[in-house]
Number of protein chains: 2
Amino acid sequence: MKPSERIRAVAFDAYGTLFDVYSVGALAEQLFPGKGEALTALWRLKQIEYSFLRTLSGRYRPFLEITEDGLVYSAKKLGLALNDAQRRQLMNQYACLSPFPENLGALKALRALGLPMAVLSNGTPQMLDVAIKSAGMSGLFDHVLSVDAVRQYKTADAAYQLGPDAFGVPAKEILFVSSNGWDAAGATWFGYTTFWINRAQLPMEELGVTPTAVGQRLTDIVEFVQARCAPAAGR
Amino acid sequence: MKPSERIRAVAFDAYGTLFDVYSVGALAEQLFPGKGEALTALWRLKQIEYSFLRTLSGRYRPFLEITEDGLVYSAKKLGLALNDAQRRQLMNQYACLSPFPENLGALKALRALGLPMAVLSNGTPQMLDVAIKSAGMSGLFDHVLSVDAVRQYKTADAAYQLGPDAFGVPAKEILFVSSNGWDAAGATWFGYTTFWINRAQLPMEELGVTPTAVGQRLTDIVEFVQARCAPAAGR
């Protein structure tokens, strides 16, 4: 192992990576039969688009708000009469997204390697606290880092910089893990060693940058990290 | 008319506003029967997404490149085997997009009011030159402003600032015209007086900002401008 390949910490994206953003689909389908999948997909697209636009224009609003804004727009676009009760139901469901089934085991296996771990997410601290507890992941992370601290969403440098600052480790020695192709690309540009969990088997984004490694499940990173970490004592 | 409502210049977005980005659809359908519409829609989405991401991460590449990148990704995502000849054909078609039918008349009517006019676009200067000529719009604009000069895409402030700088007029006294809801929102945030040409009758973006006016066609802005401009002599 070259020193340049050493991994000393791991940072995880939350939405889409630890938590399944499409797990609201069942409720959406129940509320709007035949339209649940379309609503969930467009909701996610608009939420991300709004995070980009508000950062580009320096008009930050917390992720909970833009998530709700994305839901409201998507329902209108699809011609669905979303009432207040339905909106609250969907937002409550979003607060407690299901984790992907293999995630808890993968996180515990990584934890056993003795590496410090963090969540680095667009979500607000409160959203992340609730989601982590709800997914049974309490106590697994040394840091829960929210871009709310810098009021800029990924892929802005200020957002990614939270990782090196929290760990006191250069980005290159932190493995940044994301299921979102654009996030994996942004983190690679920033300087992280990156692992793209390509769950949906999508093509690589055409952004002229390649994540360090690609897999399909969170468990795929355990071996990758194992080969690159120096064991830490006393953890 | 309050002085604050006076319009002294007009700036137009190009792609989607002056030129119909979906006019490549016929060729796309011919090349990939049954998939033309899906390819054209996804291509546009990815092109815009890449403009956001590259600006957020400070990784500018010219619009011609990210347009081609968006095409390549979209074809892969849809499982279409896009060969080099087809890619060139679609890119050539993109260079000469059709204008919307009412546009030339609307631009000439505005020109007759004596207001200076500009294009303010993500496109490169060369892309804009070819597209303007091909659409029969040569000579109608006092300025053809490309964000290539500042290497940041809309909705970054630096991109919108090209308008006030070129006209020597504050943003508030420039009418910024766009068919893209996100662009109309960004320009309003920046400080322009804005007109959203909502051709597709989409819901308003949920970004907490409202364009000054909304219409469905470029001709709709003529009356709006007429009521707000002071006639200029010698034009």
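The values are calculated or read from the model by the stated rules, or taken from the named source; none is laboratory data. Everything quoted here is computed from the prediction, not taken from an experiment. Because the Cβ atoms are built from the backbone with ideal geometry, glycine has one as well, and the counts that use them run over all protein chains shown. To get the accessible areas, we keep the full protein, side chains included, count just its heavy atoms, and leave off ligands, DNA and RNA. Shrake-Rupley method; radii C 1.70, N 1.55, O 1.52, S 1.80 Å.
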Single condition residue B:46 does not satisfy, out of (1) modelled with pLDDT of 95 or more; (2) open to solvent by 50 Å² or more (accessible area, probe 1.4 Å); (3) outside the structural domain of residue B:219 (by TED's automatic domain parsing); (4) not acidic (Asp, Glu): (2)
One residue from B:61, B:54 being outside the structural domain of residue B:113 (by TED's automatic domain parsing) and either assigned to a loop (DSSP other than H, G, I, E, B) or on the phi > 0 side of the Ramachandran plot (or both): B:61
Among the candidates B:139, B:181, B:186, B:163, residue that is of a type outside the set (Asp, Glu) and over 16 Å from the mean Cα position of the chain (by Cα): B:139
Failed item in (1) surrounded by 17 or more Cβ atoms within 10 Å (Cβ to Cβ); (2) assigned to a helix (DSSP H, G or I); (3) at the interface with another protein chain (Cβ under 9 Å from one of its Cβ atoms), with residue B:28 passing the rest: (3)
In the range A:183-229, residue most open to solvent (accessible area, probe 1.4 Å) [restricted to those that are charged (D, E, K, R) and away from chain B (no Cβ under 12 Å)]: A:223
Matching residues in the range B:53-90 - criterion: being under 20 Å from residue B:22 (Cα atoms) and open to solvent by less than 20 Å² (accessible area, probe 1.4 Å): B:63, B:66, B:67, B:70, B:71, B:73, B:74, B:75, B:90
Top-ranked residue of the range A:111-166 - restricted to ones that are among the acidic types (Asp, Glu) and part of a helix (DSSP H, G or I), ranked as most open to solvent (accessible area, probe 1.4 Å): A:165
Among (1) open to solvent by less than 30 Å² (accessible area, probe 1.4 Å); (2) among the hydrophobic types (A, V, I, L, M, F, W, C); (3) under 22 Å from the mean Cα position of the chain (by Cα) - the single one residue B:104 does not satisfy: (1)
